[in-house]
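J.: Quick one: this structure, given as structure tokens, is what I'll be asking you about.
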Amino acid sequence: MKKVIKYILVSIFALMIIAFGGFYIWSEQTYKPSDELYALVGKGDIKKENGFVTFEPTKNKKVGIVLYPGAKVEPEAYGYYAKELAKEGYTVVIPDVRFNFALFDKNKATEAKDAYPAVEKWHVAGHSLGGVAATAYAYENPKEVEGIILLGSYPSDSNDFSKMKVPMLSLYAEYDGLSTVEKIMKTKHLLSKEANMHKIAGGNHGQFGVYGKQKGDHEATISAKKQQEEMIAVTKKWLDQNGE
């Protein structure tokens with residue numbers, strides 16, 4: 001009997017190792033920033049430090065944004081959006097996250113506060129699964145967050161902001177094949193009463209970053225640059241109202 005139990009335990013352990021190995025290999029098959037991203041943001045402008053891809057402003061408003069990347073999307077893919085917000089005076093940091101899944105590292109915002117002490121106020125933002133991580137952090141640490149920006153994303157059912165006063169911005173896209181318009185509308189009740197929502201006509205899921213096509217997404221009818229520019233303009237306006 002002991003030999004049978006030992007065999008079962010060893011078998012379970014071996015299966016766990018195989019499963020983890022398969023997950024790890026899959027998680028490393030990332031969406032990399034495209035050539036278009038590097039045309040918009042020179043590689044020399046992308047700075048990695050403290051576990052973040054960082055864009056610092058020349059004239060600092062002492063307001064920062066922690067932008068959690070989507071699942072398996074490399075942080076640099078959000079470089080254009082981040083760089084343009086940094087031009088407005090905001091420190092934008094995009095974390096490297098364990099196994100390329102932000103939910104494994106939702107407390108990266110706390111690390112950002114420690115790494116950039118000159119920043120006095122912080123917003124959290126996130127694309128897709130990164131938005132789930134950002135809202136989870138904000139829900140658990142409401143006094144640490146000035147506002148929340150969602151890029152093709154929405155909170156999980158356990159993070160209900162409907163009775164909270166936190167400013168929120170939800171950017172979603174007409175042809176998003178993952179965080180569909182239907183899903184965005186079905187979870188609208190989880191947003192705070194101070195939430196602003198903006199639909200990007202012709203946009204899709206992958207173009208919330210600049211990394212090319214993503215499996216399961218629909219074809220956009222606008223360019224990645226046009227979608228990014230609309231994201232940037234709407235975010236700037238929202239930050240002017242909520243970021244000081």
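The values are calculated or read from the model by the stated rules, or taken from the named source; none is laboratory data. Given the structure is predicted, the values throughout are model-derived calculations rather than measurements. Positions of Cβ are backbone-derived with ideal geometry, glycine not excepted, and every protein chain shown enters the neighbour counts. What goes into the accessible areas is simple: the full protein's heavy atoms, side chains included, and nothing from ligands, DNA or RNA. Shrake-Rupley method; radii C 1.70, N 1.55, O 1.52, S 1.80 Å.
J.: Check the range 166-180 and report whether any residue there is closer than 19 Å to VAL63 by Cβ, touching a residue at least 40 places away in the same chain (Cβ under 8 Å) and not in a strand (DSSP E or B).
T.: Yes, that holds for at least one residue.
J.: Return the pairs, sorted by first residue and then second, in which the second residue is basic (Lys, Arg), the first residue lies in the range 220-244 and is open to solvent by 70 Å² or more (accessible area, probe 1.4 Å), the beta carbons are less than 9 Å apart, and the residues are 6+ apart or on different chains.
T.: GLU244/LYS61; GLU244/LYS121
J.: Collect the residues in the range 57-95 that are within 11 Å of the chain's Cα centre (by Cα) and of a type in the set (Asp, Glu), keeping them in residue-number order.
T.: Matches in the range 57-95: GLU74 only.
J.: Within the range 106-127, work out how many residues are farther than 13 Å from ALA138 by Cα and either under 14 Å from the mean Cα position of the chain (by Cα) or of a type in the set (Val, Ile, Thr) (or both).
T.: The total comes to 2.
J.: Turning to a different aspect of this structure: Within the range 121-137, is there a residue that is part of a loop (DSSP other than H, G, I, E, B), surrounded by fewer than 24 Cβ atoms within 10 Å (Cβ to Cβ) and aliphatic (A, V, I, L, M)?
T.: Looking only at the range 121-137, we keep the residues that are part of a loop (DSSP other than H, G, I, E, B), and these are 128.
With surrounded by fewer than 24 Cβ atoms within 10 Å (Cβ to Cβ) added as a condition, the list becomes none.
No; the residues of the range 121-137 include none that is part of a loop (DSSP other than H, G, I, E, B), surrounded by fewer than 24 Cβ atoms within 10 Å (Cβ to Cβ) and aliphatic (A, V, I, L, M).
J.: So which residues in the range 138-165 are among the aromatic types (Phe, Trp, Tyr) and not in a helix (DSSP H, G or I)? Steps first, answer last, please.
T.: Step one: of the range 138-165, the residues among the aromatic types (Phe, Trp, Tyr) are 139, 154, 161.
Matches in the range 138-165: TYR154, PHE161.
J.: Just give me the residues in the range 54-75 being among the β-branched types (Val, Ile, Thr) and buried (at least 24 other Cβ atoms within 10 Å of the Cβ), in sequence order. Don't jump to the end; show me each part of the working.
T.: Taking the range 54-75 first, the residues among the β-branched types (Val, Ile, Thr) are 54, 58, 63, 65-66, 73.
Residues satisfying the conditions are ILE65, VAL66, VAL73.
J.: If I go through the range 105-120 residue by residue, how many of them are assigned to a helix (DSSP H, G or I) and either more than 24 Å from ILE46 (Cα to Cα) or among the basic types (Lys, Arg) (or both)?
T.: First pass over the range 105-120, keeping only residues assigned to a helix (DSSP H, G or I): 105, 108-115.
Restricting the remaining residues to those that are either more than 24 Å from ILE46 (Cα to Cα) or among the basic types (Lys, Arg) (or both) gives 108, 113.
Residues that pass the stated criteria total 2.
J.: For the range 96-105: of the residues being under 14 Å from the mean Cα position of the chain (by Cα) and not charged (D, E, K, R), which is surrounded by the fewest Cβ atoms within 10 Å (Cβ to Cβ)?
T.: Applying the filter and picking the extreme gives PHE104.
J.: Let me ask another. Kindly list, by first and then second residue, each pair from a residue in the range 107-119 that is within 14 Å of PHE55 (Cα to Cα) to a residue that is in a helix (DSSP H, G or I), limited to pairs with Cβ atoms under 9 Å and residues at least 6 apart or on different chains.
T.: The qualifying pairs are VAL119/ALA112; VAL119/LYS113.
J.: Moving on to the next point. Conditions first: (1) surrounded by 23 or more Cβ atoms within 10 Å (Cβ to Cβ); (2) free of Cβ contacts under 8 Å to residues at least 24 places away in the same chain; (3) of a type in the set (Gly, Ala, Ser). SER158 passes all but one, so which condition is the exception?
T.: Single failed check for SER158: (1).
J.: Looking only at the range 138-147, which residues are open to solvent by less than 20 Å² (accessible area, probe 1.4 Å) and without any contact (Cβ under 8 Å) to a residue 40 or more places away in the chain? Break it down into steps so the answer makes sense when it comes.
T.: Going through the range 138-147, the residues open to solvent by less than 20 Å² (accessible area, probe 1.4 Å) turn out to be 138, 145, 147.
Listed by number, the residues that qualify are ALA138, VAL145.
J.: Tell me, which residue of the range 34-55 that is in contact with a strand residue (DSSP E or B) (Cβ under 9 Å, 6 or more places away or on another chain), of a type outside the set (Val, Ile, Thr) and at pLDDT 95 or above is farthest from ALA118 (Cα to Cα)?
T.: The residue in question is PHE52.
J.: Residue pairs, Cβ under 9 Å, 6 or more apart or interchain, first in the range 187-204 and in contact (Cβ under 8 Å) with a residue 24 or more places away in the chain and under 22 Å from ALA136 (Cβ atoms), second hydroxyl-bearing (Ser, Thr, Tyr) and surrounded by fewer than 18 Cβ atoms within 10 Å (Cβ to Cβ). List them.
T.: That search, which allows pairs on different chains as well, returns THR187/SER156; HIS189/SER162; LEU190/SER156; LEU190/SER162; LEU191/SER162; SER192/SER162; LYS193/SER162.
J.: Checking GLU84 against (1) without any contact (Cβ under 8 Å) to a residue 60 or more places away in the chain; (2) touching a helix residue (DSSP H, G or I) at 6+ places or on another chain (Cβ under 6 Å); (3) open to solvent by 20 Å² or more (accessible area, probe 1.4 Å): exactly one of these is not met. Which one?
T.: The failed condition is (1).
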